[in-house]
Amino acid sequence: MPRLLRLEARYLVMRDRAYGDLLKARTERTVADLGRLDPLLASTAEMTSYREAVAALATYQELVHKERALLARVTRRGP
């Protein structure tokens, strides 16, 4: 998550689409990586941590989506 947050911050500050695209790709890869972990979990503690991580990532994705929508509205309005 810290790497995703750094990319997001760079995207927001610099408004560089390349950072936004990289953030999207890395988030999708993180979702896929978490999905591959699911069948490997053995203990209750692992499953609990996994569910918390999946929920946190989903919340993060939702917030980034809202953030981008707000940025798009501001950009359309102009300075």
Got a number for the accessible area of D33? Probe 1.4 Å, square angstrom, nearest 10.
-> 70 Å²
Just subtract the alpha-carbon distance of D33 and E46 from 0.36 nm times their residue separation and send over the number in nm, one decimal.
-> 3.2 nm
Please compute P(r) over all alpha-carbon pairs of segment 39-79, binned at 10 Å starting from zero, and give each bin as a whole-number percent.
-> 27, 27, 20, 15, 9, 1
Taking the Cα-to-Cβ direction at A56 and at R77 and moving 7 Å from each Cα, how far apart do the two end points lie in nm?
-> 3.3 nm
Select from A25, L71, P39 the residue farthest towards the positive end of the dipole of the chain; place +1 on Cβ of Lys and Arg, -1 on Cβ of Asp and Glu, and compute about the Cα centre.
-> L71
Kyte-Doolittle mean at least 0.0 and Cα axial length at least 15 Å: DSSP H helices in the chain = 2-14
Leaving out ligands, DNA and RNA but keeping every protein chain, what accessible area does M14 have, in Å² rounded to the nearest 10, with a 1.4 Å probe?
-> 110 Å²
Mean accessible surface per residue for segment 1-43, computed with a 1.4 Å probe while every protein chain stays in place, in Å² | 75 Å²
Rg and Dmax [Cα atoms of the chain; Å; Rg one decimal, Dmax integer] = 15.3, 53
Highest GNM mean-square fluctuation among L12, L23, L40, for the chain with Cα springs under 10 Å, belongs to L40
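The values are calculated or read from the model by the stated rules, or taken from the named source; none is laboratory data. Just so we're clear, the structure is a prediction, and the values are computed from it rather than from any experiment. Note that we place each Cβ from the backbone using ideal geometry, even for glycine, and neighbour counts take in every protein chain shown. Heavy atoms of the whole protein, side chains included, go into the accessibility calculation; ligands, DNA and RNA do not. Shrake-Rupley method; radii C 1.70, N 1.55, O 1.52, S 1.80 Å.
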